[in-house]
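> Here's a structure for you.
The values are calculated or read from the model by the stated rules, or taken from the named source; none is laboratory data. Remember, predicted model here, so these are calculated numbers, not experimental data. No Cβ is skipped: glycine too gets one built from the backbone with ideal geometry, and neighbour counts run over all protein chains shown. Only protein heavy atoms, including side chains, enter the accessible area calculation; ligands, DNA and RNA are left aside. Shrake-Rupley method; radii C 1.70, N 1.55, O 1.52, S 1.80 Å.
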Amino acid sequence: MKSELAPMPTQFEGFPGLMQGGFLAGTAAGPSAKTMRVQIRRPVRPGDVLWLEERGDRREVTMGDTLVMAAFPDAVRVADPLPLERAAGLAAASAPLSFAKPFPGCAGCGDRPDGLGAELRPLGKRIVGSWTPRRSASADSRGVVDHTSVWTVTDCFTSWALFVDPPADPSGGFVTANIALHIRRPLRVGVTYLMQSWRDSDVPPGDFRGGSVIVGGSIEDEDGIVAMADQELVRTEGFGMELNTPFLLAKGDD
């Protein structure tokens, strides 16, 4: 049996005029304690109405007769990194950004006043970031941050890894094909989390004509890793995240 989801909120825009992929993935995954992987089949716009159908552990999201997303339990396919040294990570994440953010209207990493406020910076061939969830982020009465906000920020900081360590062929654009997240411990409002992401591997043309790239990422607090993620970004033509950005001129020392 299908249940109707609320119209997609403008607050969680990603690319201009489109819903942010991590928010969509979190909507499909639900508040599961399992590691969930979400395959995103098509873009969604603010205001679109989606439908959710649960088939055992599999959750399918549709719009009309079209499958938009499928979510199911799966393992994260990248290894845990060494945790960031906290003082160095905070210093890197708070350094001035010498260029405009590529997506200022993005819910996770943009400048919008109703956004989540994640700050991301290049550090060699990694992206580091800091995020202090605010009460304005969806949270329960105990201050536990809503899973969709965690998915949203995760999509941002993992995908940015391609800006600082692009594949050998950086042409075209890149969009989220599938993303997996394991929230090991609840994230809480008011806690400052560090994040890091990296390019893990390149996938040659096969299932996707232009190939794809696997990236990994972690969210960390003072006690270690709180959440782990991987994401597969697919090369597209004329659409998506382009890599000819100022990041490639400001990577820092490799």
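> Mind jotting down a quarter of the surface of the convex hull over the alpha carbons of the chain, in square nanometres, one decimal?
13.3 nm²
> Still on this model: Would you mind calculating the relative contact order of the chain from Cα pairs under 8 angstrom and at least 6 residues apart, reporting the percent as a whole number? Present the calculation step by step, with values, prior to reporting the outcome.
Values: 615 pairs, mean separation 51.5, N = 254.
Result for the chain is 20 percent.
> How big is the dipole moment of the stretch 8-85 about its Cα centre under a simple scheme where the beta carbon of each Lys and Arg is +1, that of each Asp and Glu is -1, and everything else is neutral? Debye, nearest 20, please.
160 debye
> Mind checking the log10 I(q)/I(0) for the stretch 15-65 at q = 0.14, 0.15, 0.19, 0.22 Å⁻¹? Debye, one equal scatterer per Cα, no solvent, two decimals.
Reported log10 I(q)/I(0), two decimals: -0.36, -0.41, -0.65, -0.85.
> Also: Using θ = phi - 60° and the Karplus form 6.51 cos²θ - 1.76 cosθ + 1.60, what ³J(HN,Hα) does each residue of the stretch 222-227 get, whole Hz, x for Gly and Pro?
5, 9, x, 6, 9, 8
> Lysine pairs in the chain with Cα distance under 29 Å, only those 8 or more apart or on different chains: how many are there?
Here the count comes out as 4.
> Now for a different question. Would you work out the charge dipole size for the chain about its Cα centre, treating the Cβ of every Lys and Arg as +1 and the Cβ of every Asp and Glu as -1, and quote it to the nearest 20 debye?
280 debye
> What are the semi-axes of the equivalent ellipsoid of the stretch 87-154, taken as the square roots of 5 times the eigenvalues of the Cα gyration tensor, listed largest first and rounded to whole Å?
On the way: eigenvalues 102, 42, 19 Å².
With the √(5λ) rule applied to the stretch 87-154, the semi-axes are 23, 14, 10 Å.
> Ok, one more. Could you give the nm distance between label points at Arg188 and Arg86, where each point is 7 Å from its Cα heading toward the beta carbon?
Distance between the two pseudo-spin positions: 1.3 nm.
> Write down the accessible area per residue of the chain in Å², having rolled a 1.4 Å probe over the full set of protein chains.
I get 45 Å² per residue for the chain.
> Can you give me the convex hull volume of the Cα atoms of the stretch 1-91, divided per residue and expressed in Å³?
For the stretch 1-91, the hull spanned by Cα atoms encloses 136 Å³ per residue.
> How large, in percent, is the carbon and sulfur part of the accessible surface of the chain at a probe radius of 1.4 Å? Before the final figure, lay out the partial values.
Working: 5960 of 11330 Å².
Carbon with sulfur: 53 percent of the solvent-accessible area.
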